[in-house]
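Undergrad: Pasting a structure here, questions to come.
The values are calculated or read from the model by the stated rules, or taken from the named source; none is laboratory data. None of these values were measured; they are calculated from a predicted model. Cβ sites come from the backbone with ideal geometry, for glycine too, and all protein chains shown count toward neighbours.
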Amino acid sequence: MRPSRQTGSRVALVAAVTLALGLGVAPASAHPQQPGPSDKVPVAIGYGGAVTTVDADATRVGLDVLRQGGNAVDAAVAAAATLGVTEPFSSGIGGGGFFVYYDAATGQVHTIDGRETAPMQMQSDAFVEDGVPIPFADAVTSGLSAGVPGTPRTWATALAQWGSMDLGQALSGATEVARRGFVVDQTFVDQTTANAGRFAAFRSSADLFLRRGAPPEVGSVFRNRDLARTYDVLAHRGVDAFYTGGLASEIVRTVQRPPVRPRSPLVVRPGLLELSDLASYQAPLREPTRVSYRGLDVYGMAPPSSGGSTVGEALNILEARPGGPFDTTQTLHGYLEASALAFADRNRYVGDPAFVDVPLEQLLSDGFAAERACLINPAAALVKPVAPGVPDGDYGSCEAAPVGADVSDGQSTTHLTTADRWGNVVSYTLTIESLGGNGMVVPGHGFLLNNELTDFNFTDTQGGNDPNLPGPGKRPRSSMAPTIILSDGKPFLALGSPGGSTIITTVLQILVNRLDLGMDLPAAVAAPRASQRNTAAVQAEPGFDRTALQALGHVFTDNPEIGAATGIEFLPGGALLAVAEPARRGGGSAAVVQGG
Ligand code: GLU
């Protein structure tokens, strides 16, 4: 451990908090010049800034930026760029994401929409052939599913708006990791193995990820010099070098003529992306969603993500629910029911606001929440799926919940959370959609393309009113839910998770665990998860206690692992509690600038 640079009173506070939470204080991170084994810990308490991600290298690089005087935005970009190296199957410059930022100087919360866009040639029936939707797996591994990546523009926008470093400085740590390499862990091997079949179909992907045809071994050093060179180009020429010119042409070529090996058994459809789609890409700033819950202000991501609206609506429903205080069973019953009701409304009303008139204000209104909340029966689970409500501003008495139609979603992605000594906070979720994106590495550039456009519905799921069909230049609806919670205008908690549409329930369940069930943040993150997204059965991890909920009529199916959250809680007295997963996805990495 490094010698402490804290004042006596701060040491005492950290010690007290540590004892209270029953935690070990994290060692300050090492700064290896050469790749070494990971020393990651899932919980850290201290001062001066914090970084928490799924990966030790990404957390270390983000922490180095804070130590060098960078702010939370610089650290978030640096950590995200490193995740593009060490977690290339979950995120990277070939994908998109949503960036939520609390600015300490103004007390404002800002967001950047870095969602991928559909090509201008994409019509609502893009995933339909001969009147039937193409198989989902075919769509995933295709050029058709690749949207214009939003991540490079997100980084440039965040740094220009609120950063203190330029892109070159923010990328330098990640570039070094790409060039020198990192030590392969079991998660990396597992994720490569899961993709080995389709990576083998593309020469560029096989060359990068399958050395001599097989995934790398645990403990070996993995280098990505192509990505290091690509980061160098962005560092020197800015992200316009991604959206125009040679790299843009290479992306378009990959999408339009996927580099499939001649004898591959895969059917790989080409995509519609053109240079003009890349050149016109923008990552707009959007107003965050905001609801109040138990006296706290919860800020989230507005459409085209459904994260903020669905987490927010569910919290409003929980707060509007009559009765209480509730015991653990009734609290979790309420959580499952509020989630199902909010998902019904999400599915019916939320899409890209440039194409769909999303009734966001009504979805997040207390009146609508009260109407939805009175459908919850404390004695019996609703029959799922429930039908959507009518967020029209005219809210009346309770009616029985009608039955709706079933909808499902996919898995992967990554979330990171940073805070700096000035009190700025970033909550950032980024993705390439499926684990391994569309499977295609852009030849010579070291990164995978996304398959984000499979987040569109392939056919109408809403009786002529589907807000999430493909469209030219449209952004597919997301579930990403990077969240920042303020108490009296000051940061209280920042968190998020990967996991497709389970992102929403993971964020919601952590909040219920933390705010309603009295768990501390490490326990709230570690607790077994259950996810009700308006389907007949609740997906639940094996450790989730089902018995009392089954007695109320909830039906469960197994999901071995839901989400991989990270978060930071801002403790009284200015201490930071940085938390990552203790076990899911191989465990995450939390660190603080000064602690222990
Ligand atoms: N593409 C998903 C979304 O935007 C995230 C993917 C995942 O987390 O698995 O909602």
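Undergrad: Based on this model, can you work out whether M440 counts as surrounded by fewer than 24 Cβ atoms within 10 Å (Cβ to Cβ) and either more than 14 Å from the ligand (Cβ to nearest atom) or at pLDDT 95 or above (or both)?
TA: Here the answer is no, as M440 does not meet what is asked.
Undergrad: Just give me the residues in the range 491-501 being within 10 Å of the chain's Cα centre (by Cα) and surrounded by fewer than 24 Cβ atoms within 10 Å (Cβ to Cβ), in sequence order.
TA: Listed by number, the list holds a single entry, G500.
Undergrad: For the range 41-89, what are the residues that are surrounded by fewer than 24 Cβ atoms within 10 Å (Cβ to Cβ) and among the basic types (K, R)?
TA: R67
Undergrad: Go through (1) surrounded by fewer than 14 Cβ atoms within 10 Å (Cβ to Cβ); (2) under 26 Å from the mean Cα position of the chain (by Cα); (3) of a type outside the set (S, T, Y) for P262 and report which single condition fails.
TA: All conditions pass for P262, except number (2).
Undergrad: If the requirement is being of a type in the set (G, A, S), in contact (Cβ under 8 Å) with a residue 12 or more places away in the chain and within 14 Å of the ligand (Cβ to nearest atom), which of these qualifies: G107, G84, G114, G70?
TA: When all the criteria are applied, what remains is G114.
Undergrad: Restricting the search to the range 484-511, which residues are away from the ligand (no atom under 16 Å from the Cβ) and hydrophobic (A, V, I, L, M, F, W, C)?
TA: I484, I485, L486, F492, L493, A494, L511
Yes/no per residue for (1) in contact with a helix residue (DSSP H, G or I) (Cβ under 8 Å, 6 or more places away or on another chain); (2) surrounded by 23 or more Cβ atoms within 10 Å (Cβ to Cβ); (3) within 28 Å of F89 (Cβ to Cβ):
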| site | (1), (2), (3) |
| --- | --- |
| M120 | yes, no, no |
| P135 | no, no, yes |
| V140 | yes, no, yes |
| V148 | yes, yes, yes |
| P152 | yes, yes, yes |
| T157 | no, no, yes |
| W162 | yes, no, no |
| M165 | yes, no, yes |
| L171 | yes, yes, yes |
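Undergrad: Across the range 276-309, what is the total count of residues that are surrounded by 15 or more Cβ atoms within 10 Å (Cβ to Cβ) and among the acidic types (D, E)?
TA: Residues flagged as surrounded by 15 or more Cβ atoms within 10 Å (Cβ to Cβ) and among the acidic types (D, E) within the range 276-309 amount to 2.
Undergrad: So, one more: Quick check on A530: is it surrounded by 17 or more Cβ atoms within 10 Å (Cβ to Cβ), touching a residue at least 40 places away in the same chain (Cβ under 8 Å) and closer than 23 Å to A56 by Cβ?
TA: no
Undergrad: For L273, all conditions in the list (1) farther than 18 Å from L448 by Cβ; (2) surrounded by 14 or more Cβ atoms within 10 Å (Cβ to Cβ) hold save one; what is the number of the exception?
TA: (1)
Undergrad: Name the one entry in L517, L549 that is of a type in the set (A, V, I, L, M, F, W, C) and farther than 20 Å from I504 by Cα.
TA: Sole residue among the options that is of a type in the set (A, V, I, L, M, F, W, C) and farther than 20 Å from I504 by Cα: L549.
Undergrad: Can you tell me how many residues within the range 451-464 are within 10 Å of the ligand (Cβ to nearest atom) and in a loop (DSSP other than H, G, I, E, B)?
TA: Count: 1.
Undergrad: Cβ-Cβ distance below 6 Å, separation of 6 or more or different chains: which pairs start in the range 187-209 with a residue that is buried (at least 17 other Cβ atoms within 10 Å of the Cβ) and end on one that is outside any helix (DSSP H, G or I) and hydroxyl-bearing (S, T, Y)?
TA: Sorted first by the residue in the range 187-209, then by its partner, the pairs are R198/T141; A201/S264.
Undergrad: Inspect all residues belonging to the range 406-421 and state whether any of them is assigned to a loop (DSSP other than H, G, I, E, B), modelled with pLDDT of 95 or more, surrounded by fewer than 24 Cβ atoms within 10 Å (Cβ to Cβ) and more than 16 Å from the ligand (Cβ to nearest atom).
TA: Yes, the conditions are met somewhere in the range 406-421.
Undergrad: Out of the range 194-219, which residues are part of a loop (DSSP other than H, G, I, E, B) and within 27 Å of the chain's Cα centre (by Cα)?
TA: Answer for the range 194-219, where residues must be part of a loop (DSSP other than H, G, I, E, B) and within 27 Å of the chain's Cα centre (by Cα): L210, P215, P216, V218.
Undergrad: So, one more: Out of curiosity, is L448 within 16 Å of the ligand (Cβ to nearest atom), in contact with a strand residue (DSSP E or B) (Cβ under 9 Å, 6 or more places away or on another chain), over 19 Å from P259 (Cα atoms) and at pLDDT 95 or above?
TA: Considered against the rule, which asks whether it is within 16 Å of the ligand (Cβ to nearest atom), in contact with a strand residue (DSSP E or B) (Cβ under 9 Å, 6 or more places away or on another chain), over 19 Å from P259 (Cα atoms) and at pLDDT 95 or above, L448 comes out as no.
Undergrad: Could I ask something else about it? Where in the range 47-141 are there helices (runs of 4 or more DSSP H), lying fully within it, with 2 or more residues that are over 28 Å from D190 (Cα atoms)?
TA: Correct list: 56-67, 72-86.
Undergrad: Does at least one position in the range 468-483 carry a residue that is of a type in the set (V, I, T) and either more than 16 Å from the ligand (Cβ to nearest atom) or within 18 Å of A540 (Cβ to Cβ) (or both)?
TA: No, the range 468-483 has no match at all.
Undergrad: Look at the range 183-193 and say how many of its residues are β-branched (V, I, T) and in a loop (DSSP other than H, G, I, E, B).
TA: Total meeting the criteria: 1.
Undergrad: Now for a separate question. Could you name every one of the helices (runs of 4 or more DSSP H) located completely within the range 465-581 that has at least 2 residues being under 21 Å from T53 (Cα atoms)?
TA: Because the criterion is at least 2 residues that are under 21 Å from T53 (Cα atoms), the helices (runs of 4 or more DSSP H) in the range 465-581 that meet it are 502-511, 521-526.
Undergrad: Of the residues that make up the range 512-526, is at least one within 16 Å of the ligand (Cβ to nearest atom) and buried (at least 24 other Cβ atoms within 10 Å of the Cβ)?
TA: No - not one qualifying residue is present in the range 512-526.
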